[in-house]
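Computed from the coordinates by the stated procedures, all read-outs in this text should not be read as laboratory data. Because the structure is a prediction, the values reported are computed rather than measured. Glycine also receives a Cβ, built like all others from the backbone with ideal geometry; neighbour counts cover every protein chain displayed.
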Amino acid sequence: MGVMHIPGHDKQKPREVTLEEIRGVMGDCRLCPLYETRTKIVFGVGNPRARVMFVGEAPGRNEDLQGEPFVGRAGENLNAILSLAGLKREDIYIANVLKCRPPGNRNPRPEEVLACSPFLREQIRSIWPDIIVTLGNPATHFVLKTEIGITKLRGRFHQMGHFVVMPTFHPAAALRNPAWQELLEADFRMLGDYLARHPEDGPVIPATAHSDALPRVEE
Ligand code: URA
């Protein structure tokens, strides 16, 4: 596999918009009806220069109350397995596709994703991570622009423009399914392995061509 440095595709990219500015634009957002039932907007939290950004689905009950993503049981699971990737919570940035809790934790509706996702897109552009870890189907479908299910997509890296994307199971779903928990943990080990072999200051390795429906990074 060829190793090549692509100028302008690294952490030197100027950040045109800060996370604070994006949050400022969001204000007391009323772009979809979820504002009527939310307690707090859950914008995102973590290192604004994170190498790895995690994307979840939407706030749950605890997140809605506290205004922070992944602070409930799913968050406890996430915290517990981060070390498998050699990561700590303060290393990463976490945001959701939806910034407000859908009532009863129902699935996000397409019109809600449409209204809210420009904020996530701007967060990704601002942070400019090397790797985006998508947790569960809604996050994966949004980032990879596919309807293929997570069980088929997980277990490998996909290239999406500048970003390497690692889709995996949602930590809440994995809590209900021990087989998925094992696979989630295997994916986190794979992520740790990738990070160890691609140091931050090392070369950017472009994706190679594949016949799969989606392009992927050859490992
Ligand atoms: N599940 C998510 O997808 N996001 C959260 O912030 C909490 C639970």
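Net charge within 14 Å of Leu114 by Cβ-Cβ distance, Lys/Arg positive one each and Asp/Glu negative one each, not counting Leu114 itself? Mind showing how you got there, number by number?
Numbers: positive: Lys99, Arg109, Arg121, Lys145; negative: Glu111, Glu112.
Taking every Cβ under 14 Å from that of Leu114, the sum is +2.
Quick check: net charge around Gly136, other residues with Cβ under 15 Å of its Cβ, Lys/Arg +1 and Asp/Glu -1? Don't jump to the answer; show the numbers that get you there.
Details: positive: Arg73, Arg106, Lys152, Arg154, Arg176; negative: Glu57, Glu63, Glu147, Asp187.
My count for the surroundings of Gly136 gives +1.
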List the pair-distance distribution P(r) of segment 30-136, using every Cα-Cα distance, as the percent of pairs falling in each 10 Å bin from 0 up to the bin containing the longest distance, rounded to whole percents.
15, 50, 30, 5
Distance between modelled label sites at Ser117 and Gln66, nm, 7 Å Cα→Cβ extension
2.8 nm
